[in-house]
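Below is one structure, written out as structure tokens; the observations come after it.
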Amino acid sequence: QKEVEQNSGPLSVPEGAIASLNCTYSDRGSQSFFWYRQYSGKSPELIMFIYSNGDKEDGRFTAQLNKASQYVSLLIRDSQPSDSATYLCAVNRKDETSGSRLTFGEGTQLTVNP
Amino acid sequence: KAGVTQTPRYLIKTRGQQVTLSCSPISGHRSVSWYQQTPGQGLQFLFEYFSETQRNKGNFPGRFSGRQFSNSRSEMNVSTLELGDSALYLCASSLIIGHPTYNEQFFGPGTRLTVL
């Protein structure tokens, strides 16, 4: 079982729709969760992070965390063609040795069609 | 504030050679992490440096090494290059307030290494 799994893509949504990206993780010691966006040929860009159960909203983005179900998601409202990218879920656990060690999922490619 | 910078941006080497990549973190950031990204394996953690000490290391062979200087700049070195080392090498910096688990990491543009 992979440590971090994301819903298989590619995901295609029409402009203006809600895009839903999902991520599950296997390590119950995971404490912090990050969503990165990566455009083709570019490096990952941090868009959201969440530590506590529940929802966290930032503009058109909402991150949702459910530690009991080991599930984290990212919702993108009013999707725009510029949101077309690969979205990476990353987790970090809190222990003496973890430091700043992120474990990434394989990413979900999102395409927003005009 | 300037972002994370990495040099060089592109590099072509042949098998058996060694390579050194450089990373300058965001001003004030003391933690530097290195990752390898390939189409087959995705993003994988190499190691993290904080206050000139390697704090954490991923599952890579000893050919991969790194160091951090007193100004927080970091270098990673790959010796005896193999074809499979062709990848995008990404450096990420983090401010580190409180426990490092809760600190965001910001990536540089990466160094694209091609091994022929």
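Calculate the all-directions average of the projected area of chain B's alpha-carbon convex hull, and give it in nm².
Working: hull surface 27.4 nm².
With the hull built on Cα positions only, its mean projection is 6.8 nm².
Expressed as a rounded percentage, what relative contact order does the stretch B:1-54 have, with Cα pairs under 8 Å and six or more residues apart? Before the final figure, lay out each step's value.
Working: 56 pairs, mean separation 14.9, N = 54.
Value for the stretch B:1-54: 28 percent.
In the stretch A:1-68, what chymotrypsin sites (Phe, Trp or Tyr not before Pro) fall in a loop by DSSP, with at most 13 other Cβ atoms inside 10 Å? Show your work: numbers first, answer last.
Details: sites: A:Tyr25, A:Phe33, A:Phe34, A:Trp35, A:Tyr36, A:Tyr39, A:Phe49, A:Tyr51, A:Phe61; in loops: A:Tyr39, A:Tyr51.
Sites meeting the loop and neighbour criteria: A:Tyr39.
For the protein assembly as shown: lysine pairs with Cα atoms under 28 Å, gap of 8 or more or different chains, count?
16
Once amide H atoms are built 1.01 Å from N in the peptide plane, which residues 5 or more positions from A:Met48, or in another chain, come under 5 Å H to H?
Amide H to amide H, under 5 Å and 5 or more residues apart or across chains, A:Met48 pairs with A:Trp35.
Search the structure for amide H atoms under 5 Å from the amide H of B:Gly110, placed 1.01 Å from N in the peptide plane, and list their residues when 5 or more places away or on another chain.
Under 5 Å from the amide H of B:Gly110 lie the amide H atoms of B:Gln6, B:Cys91, each far enough along the sequence or on another chain.
Mind giving me the nanometre distance, one decimal, between the label points for B:Leu116 and B:Ala2, set 7 Å out from Cα along Cα→Cβ?
The two pseudo-label positions are separated by 3.1 nm.
With viscosity set to 1.567 mPa s and temperature to 4 °C, compute the Stokes-Einstein D of the protein assembly as shown, Rh being the Kirkwood radius across alpha carbon pairs; µm²/s, no decimals.
D, rounded to a whole number, is 72 µm²/s.
Using a Förster distance of 30 Å, how high is the FRET efficiency between B:Phe69 and A:Ser40, based on the Cβ-Cβ distance and rounded to 0.05?
On the way: r = 33 Å, r/R0 = 1.09.
So the FRET efficiency works out to roughly 0.35.
How big is the stretch A:20-71 in terms of Cα radius of gyration and Dmax, in angstroms?
Considering the stretch A:20-71 through its Cα atoms, Rg and Dmax are 11.9, 36 Å.
So, R0 is 35 Å and r is the distance between the beta-carbons of A:Arg60 and B:Leu95; what FRET efficiency does that work out to, to 0.05? Could you put the intermediate results ahead of the total?
Numbers: r = 26 Å, r/R0 = 0.74.
According to the calculation, E is roughly 0.85.
Over 22 Å apart: what share of the alpha carbon pairs of chain A falls there, rounded to a whole percent? List each step's numbers first, then the result.
Details: 1817 of 6441 pairs.
Counting every Cα pair in chain A, those more than 22 Å apart make up 28 percent.
Separation between the B:Ser79 and A:Ser8 pseudo-spin-labels, each 7 Å from Cα along Cα→Cβ, expressed in nm?
Computed distance between label sites B:Ser79 and A:Ser8 equals 4.2 nm.
Amide H neighbours of B:Phe47 under 5 Å, at least 5 residues apart or on other chains, H built in the peptide plane: list them.
Close amide H contacts, sequence-distant or interchain: B:Trp34, B:Gly58.
Here, each number is a calculation from the coordinates, and none is a lab measurement. As the structure is a prediction and not an experimental result, all values here were calculated from the model. Heads up, the Cβs are rebuilt from the backbone with ideal geometry, glycines too, and the neighbour counts pull from every protein chain shown.
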